[in-house]
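This report concerns only the one structure given below.
A short reminder: the numbers here are calculations on the coordinates, not readings from a lab. Keep in mind that this is a model prediction, so the values were computed, not measured. Here Cβ is always computed from backbone atoms with ideal geometry, including for glycine, and neighbour counts include all displayed protein chains.
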Amino acid sequence: MIKYTGHYGGPDRIKADVYVIPFPEDDTLFQKTVNTVCPQLKKVIAALQSGGEFTGKKKECTSLLTDYGRFILVGMGHPDISGAERLRRTMARAAKEMKSWVAPTVALYAPTEEVLKKDLSISFEDATIAMLEGAMLALYSYDAFRKKNASDKKGKIKEIRVVTCDEGYQSRLKASISEAVILIEAVEYARNLANAPANLMDTQTLVKQAVALGKKFTIKTLVLNKPEIEANKMGGLLAVNQGSKSDPRFIVMEYNDKKRRLRPTVLVGKGITFDSGGLCIKPSANMDDMKMDMSGAAAVLGTMYAIAKFKLPVRVVALIPVTDNMTGGAAFRPGDIITISDGTTVEIKNTDAEGRLILADALVYAQRFKAAAIIDIATLTGAVAVALASHATGMLGNDDELMDALSAAGESTYERVWELPLFEEYAGMLESDVADLVNVAGKWGGASTAAAFLQHFVEDTPWVHLDIAGTAILEKASDYNPKGGSGVGVRLLTSYLRSLPAE
Ligand code: BES
Ligand code: ZN
Ligand code: ZN
């Protein structure tokens, strides 16, 4: 367990094995940062600056071993994107540098008051959170199954000291540090769930994780087993589950610590523990990534973790249908006609479009909560990644206000969302010759037709669908996101829920 503490004073007063100092590129502010934070390095930094080696440019990073200790100077560049995101990326760059040696006590210097105001345009609190998010999320690695592992480095960090050189700010550190730690833990939790291989993170294990989370935080948790799923006539979940060696489960959690009577927000997460494609089997290249097809479920569980730890004054219901999607003699087939729990019949055109089938049953189940809003989150279509790559989550829905709120949460967390159209023509593309709907509309507009399929089951409740197929599963690491499971959705949804008015 890493200890997080807040301090006031320059490196001469604060003991640490390494001091990380972010610099703006603006020359005046650069000099002021030197004078305020590390005047003892004035000469050496002046030399580095005039030699062009370190001028505060974006991602510039220099480590120095001096008589005053070990320093990492890191550049923030000029203002372009949001101040918070610049800080996250800057600290991620510094964390990368830190990975090459062992430092038990790390001091992270907050930007000075002037830099916060003139260069970053954010509050001291938001800066503190962003710094810690950037550094700690960058240090994450999934190495539960390695003898000698990369986390050796992070494992050696005993204490992170967040330091300010502005008098009067120290007292403001504590709350922001605790806030950041909750968010970091929640994202790491979601990443670990997603990255776990499907042989270990199977239906039973995912359910156990949810139950354990419910116990830890007194979140009411109910798990429907197969007979109960049958009694609910969840034909989508049952069809997808046909090829599995494990029975399906349907997780229902409710966070409502103060027994508030307000209408809940319902979060629905796709919980496919492995997506082979079923009989319409996927090509073998990258099929291993499909252990992360429960990233929507991971995002929802990570969000429950965060809101419970924050004790947010909200009411949130989480719904997670869980199964894998496998081949075999018992598997469902193209051409099959199945019946979703609301009676809608679906002609299966492609068994690999399984996410929408299990989500359909979950969206029908959501109706009973008379929700204020339903948000589903799912690694639903390759098409969304064709449109947006890994740089934004696809957002489709029926309520502008809800989508605006999620866009705002996306900007502030930089888990950005981008709206894709949900014209009624997309619903028209789902007509079947033999049933109410087909599960696949053909080649084009895949993210929109998938959302149109889901929309069929939401009725009038304000609803948003977040397609995280591009953002949840990363082909390569960047800034503070590792290769593999990104944990996307946790900070986004938590930020959205924190923006809701208290009862
Ligand atoms: N889980 C996949 C979507 C996916 C693809 C997520 C790549 C992450 C990375 C989903 O179940 C799927 O297979 N969708 C199909 C739908 C198609 C058959 C209409 C797809 O996108 O190819
Ligand atoms: Zn699939
Ligand atoms: Zn899938």
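Observations, loosely collected:
- Phi angles of the stretch 442-458 translate, via the Karplus equation with coefficients 6.51, -1.76, 1.60 and θ = phi - 60°, into HN-Hα couplings of x, 7, 9, x, x, 5, 6, 5, 4, 5, 4, 4, 5, 4, 3, 9, 9 Hz per residue; Gly and Pro are given as x.
- Cα gyration tensor shape of the stretch 333-385, rounded if a/c is under 1.5, else prolate or oblate by comparing a/b with b/c: oblate
- Placing dummy labels 7 Å off each Cα toward the beta-carbon, the span from Glu419 to Ser284 is 4.5 nm.
- Of the peptides 401-409, 224-232, 470-478, the ranking by mean beta-carbon count within 10 Å, highest at the top, reads 470-478, 401-409, 224-232.
- The stretch 195-499, Rg to Rh (Cα coordinates; Rh as Kirkwood inverse mean 1/r): 0.93
- Sorted largest first, extent of the stretch 200-289 alpha carbons per principal axis (Å): 49, 29, 21
- Multiplying the residue separation of Asp404 and Met429 by 0.36 nm and subtracting their alpha-carbon distance yields 6.3 nm.
- The Cα-based radius of gyration of the stretch 24-80, divided by its Kirkwood radius, gives an Rg/Rh of 0.94.
- Most simply put, the chain has about 40% antiparallel DSSP beta bridges, counting only bridges with both residues inside it.
- When you filter the trypsin sites (Lys or Arg not before Pro) in the stretch 116-218 for DSSP loop state and at most 10 other Cβ atoms inside 10 Å of their Cβ, you are left with Lys147, Lys148.
- Over the stretch 371-420, volume per residue of the alpha carbon convex hull, in Å³: 81
- The stretch 18-156 shape via C-alpha gyration tensor axes, a/c threshold 1.5: oblate
- 3J(HN,Hα) along the stretch 236-250, derived from phi through the Karplus expression 6.51 cos²θ - 1.76 cosθ + 1.60 where θ = phi - 60°, amounts to x, 4, 5, 5, 4, 6, 3, x, 8, 8, 9, 5, x, 9, 9 Hz, with x in place of Gly and Pro.
- Relative contact order [Cα under 8 Å, 6+ residues apart], the stretch 195-499, whole percent: 21
- Contact order for the stretch 3-168, expressed relative to its length and based on alpha carbon pairs under 8 Å spaced 6+ residues apart, stands at 32 percent.
- Between Val211 and Lys443, the modelled labels are 4.8 nm apart [label points 7 Å from Cα along Cα→Cβ].
- Gain on full extension, evaluated as 0.36 nm per residue between Glu185 and Asn35 minus their Cα-Cα distance, stands at 50.5 nm.
- Straight-distance crosslink candidates among lysines, where the alpha carbon sits under 24 Å from Lys117 and sequence neighbours closer than 8 are dropped: Lys32, Lys42, Lys57, Lys58, Lys59, Lys174
- Centroid-to-centroid separation of the stretch 47-72 and the stretch 454-477 [C-alpha atoms, Å]: 43
- Taking all Cα pairs closer than 8 Å and separated by 6 or more residues, the relative contact order of the stretch 248-295 comes to 40 percent.
- Rounded to the nearest 5, the antiparallel percentage of DSSP beta bridges internal to the stretch 3-168 is 25%.
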